[in-house]
Structures are given as structure tokens and as C-alpha cells.
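Derivation of every value follows stated rules applied to the coordinates shown; laboratory data play no part. Owing to the predicted nature of the structure, the values given are computational and were not obtained by experimental measurement. With ideal geometry, Cβ positions are generated from the backbone for all residues, glycine too; neighbour counts draw on all protein chains shown.
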Amino acid sequence: MAADRVHSHHIATWVWLVVLMLVGVFATVLPLDRSVIVGLIFAVATVKAALVARNYMHLKSENWLIYAIAVIPVLLAVAMTFVLYWDVLRHY
């Protein structure tokens, strides 16, 4: 019984990953500003990475230290992105 539940959970996660991939691919044809499309693609990629880490890398059953080790570099990358964003915009 538990194996069937785990299997159906993995299938549901896979379906979400496929849907999010399609959202990312079709975001390029939306009539939006380029920066909004890029932001949408990055947001979708972040959600997909969280799904993979949580479900396939079994992070949901780990303690808080593993989350800290995983989250701190992500927060640093986000901070660097915000800090460098305005510098990149000045060059365009």
C-alpha cells in the first residue's frame, strides 16, 4: 500500500515537472516584456528545482541542517542577482 502511494506521488511530481517545463517553454511566446519573461522562466526553474530536491533527493525527511546547507547558497545567489541586476541594466 505504501509503495503505491510513493509511486503515485512520484508520478504526480513528474506531471508537475512536465507542466512547469511547458510553462517555461511557452513563456517565450507571451506578449510580455523580455525581463518579465526571463523572471517567469527563472521562477519556474526555481519551483522545479525545489520539487526535485524535495521529492527525488528526499530532502523532506531530513533535519533542519540540510535545509540550511541547501538554502544559504540559494539566498546568496538571489542576493547577488539583485545586487548585480541594476548594474546589468545600465549597460543595455
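Per-structure values
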| read-out | value |
| --- | --- |
| Helix runs (DSSP H) in the chain reaching 30 Å along axis by Cα, Kyte-Doolittle at least 0.5 | 2-26, 64-90 |
| Using a Förster distance of 35 Å, the FRET efficiency for residue 65-residue 29 (Cβ separation, nearest 0.05) | 0.25 |
| Choice from 79, 12, 27 showing the highest fluctuation, given a GNM over the chain with Cα pairs closer than 10 Å | 79 |
| Residues listed by number, segment 37-67, amide nitrogen under 16 Å from residue 75 label point at 7 Å toward C-beta | 64-67 |
